Each structure stands twice: as C-alpha cells, then as structure tokens.
Amino acid sequence: MAIASCKPASVMLLLGALLFAATFLAVPAAATGKTGQVAVFWGRNKDEGSLREACDTGTYTIAVISFLDVFGHGNYHLDLSGHDVSTVGADIKYCQSKSILVFLSIGGFGNQYSLPSPQAAADFANYLWNAYMLGTAKGVHRPFGDAFVDGIDFFIQNGAPDNYDELAKRLIEFNKAYRARTPVQLTATPRCRFPDRSVERALSTGLFTRIFVRFYDDAHCAAYWQQEWNKWTAAYPSAQIFVGLPAGEKKVGYVHPKNLQGGLFSVVQNAANYGGVMIWERYDDKRTGYSSFASKWA
C-alpha cells in the first residue's frame, strides 16, 4: 500500500535499495566442509614402498609422483629416489582403477630446470604429452610404458619464473582434441607465503584446478597460517585450495593430530574453495600414519 502511494521516482529508489540489499547483504558463499580429498607426494624415498602400496591404504585420493627434476634445455631426468621405474606404470594403472588420480610433478628442490624461452616451454609440453600422457609420437621414450598420468603438477622451487604460464597454456591445448575426457589436468604446489613468485604467472592463467599450498618449512607461515590461507583462497576462487601438511613431526609447520579437527580444519573448511589436504610425503606418512588422522576430518 505504501508503495502504491509513492511517486514513480520514489518507487524506483525503493526497488533499487531492495536490490542493493539482496546483492550485498546476502549470506556469503557457503563453507565447503569436508571433501574427503587427500593428496600425497610419492617418490621421495625408496623405503616408502611402492605406489601400489600407497594406493592400497585407502587413504589417498590423489598421488603425485615426484620429481621430473631436469628439463628446459633438451635434457630430461626423472628422479624417483631409487624406485624401479619399470614397475611404476603398472602401479599407475592400478591406482587409477581405484579412482585415484595420479599426477607427475615437475621441478623439485634441484636447480637443473628452467624454461628459458616460449619455445622451450612448447618443447617441454610436447615432451610431457608424448612421454607421460596420451601422446604417441615416435622416438619418445615412455618411462611408464603405456600408462599415462592424469596431469602435471608444478613444483617450482628454484630458478626464474619465466614461461611456466606458456607451459600451462600449451599443456591445456592438448585437451581440445578430446570431448568426453580431460586428459591434462594441472595442479601447483607453491610455498605458503603469498604470493609465490615462482608460479604466480602460471597460476594467473586460471588453468589450474587444484593448488596444494605448502604450509610447512616456513616459520612465518607456521605463525600466520590463517592469514596466508585467506590470501590463497581469495586469490584463486575457481581453484580448489588444499592445505599442505607435513607427516613428519620434525618439520616446521607440523600440526599435531589432536589439533587438526578443532583447530586447523575448523578454519580452512570455511572457505568455499577448500579442496582437501595434501600430505608431504609418503615416507613420513607411512612411518607416522598421519594421513589416517587427517583423512577423518579432511
């Protein structure tokens, strides 16, 4: 009745106010809550057991093989810490048969990788596609035989950040030939202090579906992890953000299992793009059983 007695201009102002309230006073995006997603890095210690064994734990939903640690100058090297590479292909297939995604991580802690030019990025993308994914180019050695990984993880710790954005774009280009599947998925594993300049340009492409943020090995992040978590989730709303935790109690940033549910997860799961937990790494996890606690609340 009050609206009927108002002048048209007043009605428009009132409607505008109501629209403003509906838009800006709405309830924020719902918290994600538990996702059950647990990623683990495998390949850092021969005594961690096989990839198949890791997938048989029933704990992990994503396994990241690490590392392809030399690239960028026409030379490539896969470092699996003494594991028999010839057996990994069958293990990859086994893990995938259990609906576990398997990624190959590039980079690592060495200093023998870089992408000095866009052409180097293109060459490396072609190599990854043909050596580890669905490519079939002749003359390219496939370390895992006819098995293929589900995607590539960018673990860029050292060197210049140049051309990783170009690498991401080139890799995603391979998906265009497929309609019923996405053979190339991209993840990144940055250091927790935001932003990580090594992968910032790559992440700016918006092509990464999961980001495993390393909330360890940094005293600043151990003290201010909530602030850093909020920065990551706000910066990449379209990606699933995983909280990366060490399974070894001697690591800076270790969170005791009793503090996971009420402390850590009660905070990170408030983010609409919370993805799950990343465990560093399989050897320590096998020794401590850390993921068996984390997976309960992830």
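The values are calculated or read from the model by the stated rules, or taken from the named source; none is laboratory data. Because the structure is predicted, anything quoted here is derived from the model rather than measured. Cβ atoms come from the backbone with ideal geometry, glycine included; neighbour counts cover every protein chain shown. What goes into the accessible areas is simple: the full protein's heavy atoms, side chains included, and nothing from ligands, DNA or RNA. Shrake-Rupley method; radii C 1.70, N 1.55, O 1.52, S 1.80 Å.
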For this session: Could you list all residues from the range 120-130 that are under 21 Å from the mean Cα position of the chain (by Cα) and either open to solvent by 50 Å² or more (accessible area, probe 1.4 Å) or aliphatic (A, V, I, L, M) (or both)?
Result: 121, 125, 128
For this session: Say whether the condition of being at positive phi and either at pLDDT 95 or above or aromatic (Phe, Trp, Tyr) (or both) is met by at least one residue in the range 217-228.
Result: yes
Problem set entry | Search result, residues across the range 100-127 that are more than 17 Å from residue 168 (Cα to Cα) and without any contact (Cβ under 8 Å) to a residue 24 or more places away in the chain | none
For this session: Test residue 86 against the stated conditions and say whether it is polar (S, T, N, Q), modelled with pLDDT of 95 or more, open to solvent by 50 Å² or more (accessible area, probe 1.4 Å) and at negative phi.
Result: yes
For this session: Give the number of residues within the range 142-157 that are among the small types (Gly, Ala, Ser) and either closer than 30 Å to residue 192 by Cα or open to solvent by less than 10 Å² (accessible area, probe 1.4 Å) (or both).
Result: 2
Exercise. Does the range 200-215 contain any residue that is touching a residue at least 40 places away in the same chain (Cβ under 8 Å), farther than 21 Å from residue 275 by Cα and not in a loop (DSSP other than H, G, I, E, B)?
Worked result: yes
For this session: Would you check if there is a residue in the range 34-47 being modelled with pLDDT of 95 or more, in contact with an Asp or Glu (Cβ under 9 Å, 6 or more places away or on another chain), assigned to a helix (DSSP H, G or I) and not basic (Lys, Arg)?
Result: no
Exercise. Is there a residue being touching a helix residue (DSSP H, G or I) at 6+ places or on another chain (Cβ under 9 Å), open to solvent by 10 Å² or more (accessible area, probe 1.4 Å), polar (S, T, N, Q) and not in a helix (DSSP H, G or I) anywhere in the range 104-113?
Worked result: no
